[in-house]
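Any read-out appearing in this document is the output of simple, stated calculations on the displayed coordinates, not a laboratory observation. As the structure is a prediction and not an experimental result, all values here were calculated from the model. Every residue, glycine among them, receives a Cβ derived from its backbone with ideal geometry; neighbour counts consider all protein chains shown.
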Amino acid sequence: MKKKAIVIFIVVFVISVSFYNTANTSIDDIYIANCILADINENGMIEMMFISPKAKESEEGSESDYETKTGLGLSIIDCFQSAERQTGKEIFIGHLKSLIIGKNIAASKEKMDELFEYFERNSTFNYFTSVFFTNNKIADFENTLHQKQDSTTGFIESIIQNTPSKRFLNKNYNEIINEGACYSIPLLTVNENIEYNGFALFKNNQYVKSYNNDDTLTYKLACETTYDNYITSPNCDIVINKSSRSLKRTKDTEFELTIYLRADVLYTNFDANFEENGGEEIKIELENQIEESVYKLFEDARAVNADIFNIEKYMERYHYKDYMNYKETGVDILNSADITVKVDTKLLRNATMY
Amino acid sequence: MKISQRQFQLLFFTAFFALNFLTLPSRLSAECASDGIICLIITSIIAYGAVCVTINFMAKYPGHTFYSALHNSLGKPLAITFYALYIIHLLIFFTYCTRLICDQISVYMLREYPIWFIECIFLSCVIFLCFKRTKTFGNIAQILFYFIFISLILIILLIIQNAHFENMLPMFTSSFLEYFKGTVVTSSFLYSAVIAMPFIIPHVDNFDKKKSLKFFAVAIACVLTIYIIYYVLCISILGTDLCSRLVFAAISIMESNRNRNFIFERYEILLLITIIFLSFIYASVVIKCIKLAIDKTAEKRKIYYISGFILIIFLIALFNYRDIGTVMLYFLESSNITMPFIMLPYTVYALFKIKKRKAEKK
């Protein structure tokens with residue numbers, strides 16, 4: 001009797017589960033947004049464009065391979081709801097690859113916080129989403145996207161032309177959250193194509209300043225490990241195979257930033273004899289150029305009170321006691337920081353080989 | 001039919017993982033940033049102490065049930081008090097575990113299903129197993145143990161590629177109070193299966209005290225290592241701030257990893273399946289202990305069974321009242337109520353020793 005009761009109980013549950021399953025969401029009921037653009041329009045409304053590559057079956061002639069839906073509202077939730085009303089589908093951000101932040105929304109710390117909070121509250125949000133900044137309007141992106149016929153899973157990499165992804169400054173959401181008070185994200189501009197055009201500096205989740213592509217290389221050399229970057233000086237063309245960096249505190253608020261380069265010389269005006277002097281002239285010219293540009297970038301950011309190399313974060317991580325002392329005594333670490341830049345280059349090939 | 005020594009060991013090895021495995025990084029990083037490793041080590045040492053005293057105590061009364069061991073050593077009033085405390089803790093942990101696992105299933109797997117529906121299915125499976133022989137638990141634990149262990153290691157290998165270990169810095173900067181708070185948080189649920197041990201030990205065939213003590217030293221070290229690895233990985237990928245804001249940090253990481261195009265898309269399902277198995281074993285052991293307790297003490301079992309299950313449903317309804325984040329916070333903020341679970345075995349053993357000495361003096 002007892003066994004029968006248990007069997008009946010299980011059968012009833014299995015049947016109810018099967019029936020309940022008919023109410024489940026199918027793939028046709030969701031709009032999978034691979035890229036989101038967020039900005040504030042002229043009327044002060046938040047505008048969000050949700051971009052999704054079209055399914056292969058719908059390819060017809062010159063039709064765009066991207067589907068876009070725009071949501072308008074006073075809050076981020078309003079924008080999502082507005083877009084959902086248009087599509088009749090739930091906006092799904094589990095496959096989000098790129099988040100592009102517009103200039104107007106980036107200027108408002110409040111709205112930026114709201115945007116990030118919304119994503120963090122969504123259980124499906126991808127924390128490895130690449131984050132970008134743009135000075136262009138959402139409509140510019142829309143026009144360019146509708147001329148594209150190349151939807152791939154690499155999405156943003158496929159729409160940014162002429163720049164191999166290896167040389168991007170690429171920042172994921174989880175990285176910018178941990179970067180410190182200041183973080184930098186790639187800058188996209190729309191001309192005929194969507195192009196990578198430098199980077200934007202943020203402080204306390206608010207846009208501060210943009211930099212061009214040359215500054216991006218400097219930033220990357222000073223802050224990250226990089227691979228395969230080209231650099232041109234007045235007398236030589238060089239490909240930096242690999243670069244790494246180390247920031248050390250030498251005394252109180254004195255820091256030493258060392259950049260290690262492993263480079264190939266592509267072309268040079270110098271009479272470079274590596275066997276005799278190891279390409280000393282090339283090295284000196286390259287090192288001076290990089291040192292100068294790093295100083296310039298640091299001072300330029302410091303002028304707007306932004307800690308572009310995250311010296312404060314470095315102090316907090318590696319010299320916590322002193323960091324806390326400075327905080328308690330009101331010492332401004334950024335403005336009292338004295339930074340020395342050193343470049344240590346190893347040239348791998350003789351230019352005459354080319 | 002009794003379970004073998006090996007099955008008993010594997011059963012508790014697995015059960016030590018279960019409760020709050022996924023919420024641990026979040027809560028611990030909120031209390032003491034990246035210094036939670038210290039709290040985990042302290043908690044593990046305390047837990048091993050609790051395992052030792054429990055095994056020692058039960059070994060003094062071979063062939064006795066937990067209640068009769070308590071009765072013989074402490075006398076009736078204290079025996080009833082401690083027995084009731086054990087059962088109350090088991091009930092709280094069981095309902096909390098049910099709420100957590102069902103919420104995870106509801107959020108990440110069966111989005112369309114209401115939480116009560118998932119809870120009903122989970123409960124029906126657990127209660128079904130509860131009326132089976134103790135040997136069945138042993139067999140299940142033996143089968144699932146290897147799957148769980150391998151998948152936990154596989155998950156570590158899958159997410160380690162995204163780790164930035166500098167996010168762990170600065171380390172060892174928390175104050176004594178923060179370490180204490182962190183330890184209270186972890187010791188309020190980690191290794192909570194230890195209080196189920198005295199109920200199961202009488203059902204172990206040829207229980208070997210020495211073997212068990214040795215095995216659990218290694219087992220707790222393994223569990224601690226995996227806890228630490230998960231904690232470090234969550235912080236090194238998400239950072240302390242973001243990690244403390246997310247309820248299920250490890251699942252969020254696994255979900256974000258889905259774009260990496262490796263073998264299959266939804267990595268988080270692997271983690272969730274592992275956690276479901278862990279929770280299933282934990283909840284089954286706990287509910288079995290409650291049933292054993294009723295079996296051995298109550299004469300009118302049916303009334304006790306019914307009232308026990310009504311109590312469970314009431315507790316689950318109570319835990320369902322708010323969203324999971326709030327429930328978790330309430331649970332952890334009331335750590336001062338649940339924390340003494342780890343002190344129960346110590347207290348019982350201390351009282352047993354005191355009574356024994358007094359008796360020897362007389």
Take A:Ser233 and A:Asn43, extend 7 Å from each Cα along the Cα→Cβ direction, and tell me the distance between the two endpoints in nm.
5.6
Within a Gaussian network of chain B (alpha carbon springs, distance under 10 Å), most fluctuating of B:Glu255, B:Glu166, B:Glu112
B:Glu112
Could I have the simple spin-label model distance between B:Thr173 and A:Glu114, label points 7 Å from Cα toward Cβ, reported in nm to one decimal?
3.3
Between B:Ile55, B:Ile45, B:Ile153, which gets the highest mean-square fluctuation from a Gaussian network model of chain B, Cα cutoff 10 Å?
B:Ile153
Averaged over A:120-129, how many beta carbons belonging to a partner chain fall within 10 Å of each residue's beta carbon?
6
Can you tell me the dipole magnitude for the stretch B:110-233 around its Cα centre, using point charges on the Cβ only (Lys, Arg +1; Asp, Glu -1), in Debye to the nearest 20?
540
So what's the back-of-envelope 222 nm ellipticity for chain B, counting only DSSP H runs of four-plus at -39500 (n - 2.57) apiece and dividing by all residues, rounded to 500?
-25500 deg cm²/dmol
Antiparallel DSSP bridges in the stretch A:218-354: what percent, to the nearest 5?
70
As a footprinting exposure proxy, order A:His319, B:His89 by other Cβ within 10 Å, with the fewest listed first.
A:His319, B:His89
Taking every residue of B:31-44, the Cβ atoms of other protein chains inside 10 Å of its Cβ average out to 0
Among B:Phe341, B:Phe17, B:Phe216, which one shows the highest mean-square fluctuation when chain B is modelled as a Gaussian network with alpha-carbon springs under 10 Å?
B:Phe216
Tell me the label-point distance for the pair B:Ile228, B:Ile269, using the 7 Å Cα-to-Cβ offset, in nm and rounded to one decimal.
3.4
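For each of A:Lys296, A:Lys137, count neighbouring Cβ atoms within 10 Å of the residue's Cβ, then give the residues from fewest to most.
Result, fewest neighbours first: A:Lys296, A:Lys137.
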